[in-house]
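Chemist: Below you will find the structure I want to go over with you.
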Amino acid sequence: MSIDIHKYLPLILSFVFFFVALYVNSLVQVIADRQSPNELPPLPDIGHKILPYWSYFQVNNYLLFTIFISVIIRYIFQSNIRLIVFRRWLFIQGLMFCMRSFSIYITALSVPQPGCNTTAVGSPEIEAFYIMLTIHATCGDVMFSGHTVTITICALCWTNYSKGEEYTPFIWLYRKCFNRHYIPTIEQSDNHLNKNRFLQWLFYPKLDATGDPLTLYFTSYLIWLYSISSYLFIIATRFHYSVDVFIGFLLTYFTWKSYHFYIKTLFERRKIIISRFFIWFEGLQQDTSVVLPQNNQQQAGVPVSLLTGNDYHEQGQYYPVQLNNNNTTSVDIVKPGDGQHNEFTI
């Protein structure tokens with residue numbers, strides 16, 4: 001079986017960028033930790049006053065690892081979008097590591113965690129690898145929280161890319177066990193329809209005209225509840241100041257949203273070199289659904305989908321574009337090119 005290497009090049013590039021950014025961040029952590037004023041007491045913090053101190057700070061690593069693995073399992077089997085999800089995840093995570101490297105270096109803050117002992121005492125270049133593998137730890141890299149960044153990206157991955165496909169195995173099992181393939185009678189049809197509408201609203205997000213998730217739904221609320229709880233644990237263990245978590249969340253959220261807005265409008269800036277790079281990076285260059293006129297510009301009003309596949313049509317949530325005369329029209333949807341390589345979808 002031949003492998004199309006060009007299909008995986010953007011993902012490989014994202015991984016290399018992520019790895020380099022992670023190493024730089026770990027290296028700067030060691031340097032910043034040695035510049036930290038350890039002799040000074042922790043700064044006043046409202047979150048530390050409100051939340052009782054919990055000394056078991058390792059819980060933060062377990063919380064991060066849990067949501068990290070959950071998102072990987074969630075998308076690894078969904079072949080139509082997994083490359084899209086993972087390459088953006090790695091790329092944006094790398095961007096955040098670059099931002100964090102500057103942030104923890106330019107301003108040194110006192111250590112918030114009582115009795116924190118740095119184990120990265122060797123050569124910074126070598127200690128950076130130990131930091132990457134979580135073998136050694138530092139104390140003075142506080143502004144902003146790297147744990148918050150990763151947890152937030154995982155939550156955004158689930159919120160922005162999931163359309164309820166994670167229920168498919170459970171729905172299949174339910175139908176097999178209870179033989180729910182029946183046609184309701186006339187008397188039951190109204191109640192059956194109302195029940196289906198409620199379940200649709202509860203367990204599936206509404207979608208925009210391109211099929212991208214537009215609202216939160218049951219699983220998304222659970223993911224964000226988990227994420228907020230993780231933020232509170234980070235503060236309660238004095239792993240970071242409250243402002244570290246707050247700024248980490250805001251920077252991650254707006255970086256994520258800015259990037260996704262940018263790739264939705266790439267063709268408006270097609271003549272710019274960086275835009276051409278991201279058109280290739282997003283797999284849009286060879287997508288047959290992208291029809292450009294002779295002036296090499298995208299047609300006005302053509303929406304760009306962040307996802308691939310037509311499985312949202314199966315949910316009956318396609319929203320046609322409304323014209324000024326209240327008529328509806330079908331539109332061409334621009335999709336990232338990985339959708340051409342569908343193998344199996346949950």
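The values are calculated or read from the model by the stated rules, or taken from the named source; none is laboratory data. Quantities reported herein were computed from a predicted structural model and do not represent experimental measurements. Glycine also receives a Cβ, built like all others from the backbone with ideal geometry; neighbour counts cover every protein chain displayed.
Chemist: Here's a check for you: in the stretch 217-232, which residue that is loosely packed, with under 14 Cβ neighbours inside 10 Å and not polar (S, T, N, Q) is nearest to residue 250 (Cα to Cα)?
Modeler: 228
Chemist: Please specify each residue of the stretch 84-109 satisfying the condition of being assigned to a helix (DSSP H, G or I) and either of a type in the set (Val, Ile, Thr) or outside the structural domain of residue 249 (by TED's automatic domain parsing) (or both).
Modeler: 84, 85, 92, 104, 106
Chemist: Go through the stretch 39-86 and give me each residue that's of a type outside the set (A, V, I, L, M, F, W, C), within 23 Å of residue 233 (Cα to Cα) and surrounded by 13 or more Cβ atoms within 10 Å (Cβ to Cβ).
Modeler: Across the stretch 39-86, the qualifying residues are 42, 45, 47, 48, 60, 61, 66, 70.
Chemist: Which numbered condition in (1) closer than 16 Å to residue 24 by Cα; (2) touching an Asp or Glu at 6+ places or on another chain (Cβ under 9 Å) is the only one that residue 106 fails?
Modeler: Result: residue 106 fails condition (2) only.
Chemist: If the Cβ limit is 6 Å and pairs must be 6+ apart or interchain, which residue in the stretch 27-40 that is closer than 20 Å to residue 132 by Cβ pairs with which residue that is surrounded by fewer than 14 Cβ atoms within 10 Å (Cβ to Cβ)?
Modeler: none
Chemist: Can you tell me which residues in the stretch 216-263 are assigned to a loop (DSSP other than H, G, I, E, B) and within 17 Å of residue 159 (Cβ to Cβ)?
Modeler: Matches in the stretch 216-263: 216, 217.
Chemist: Which members of the stretch 114-131 meet the condition of being of a type outside the set (A, V, I, L, M) and in contact with a Ser or Thr (Cβ under 7 Å, 6 or more places away or on another chain)?
Modeler: Answer for the stretch 114-131, where residues must be of a type outside the set (A, V, I, L, M) and in contact with a Ser or Thr (Cβ under 7 Å, 6 or more places away or on another chain): just 118.
Chemist: Limited to the stretch 110-142, what total is found for residues that are surrounded by 20 or more Cβ atoms within 10 Å (Cβ to Cβ) and either of a type in the set (Gly, Ala, Ser) or part of a loop (DSSP other than H, G, I, E, B) (or both)?
Modeler: Selection size over the stretch 110-142: 10.
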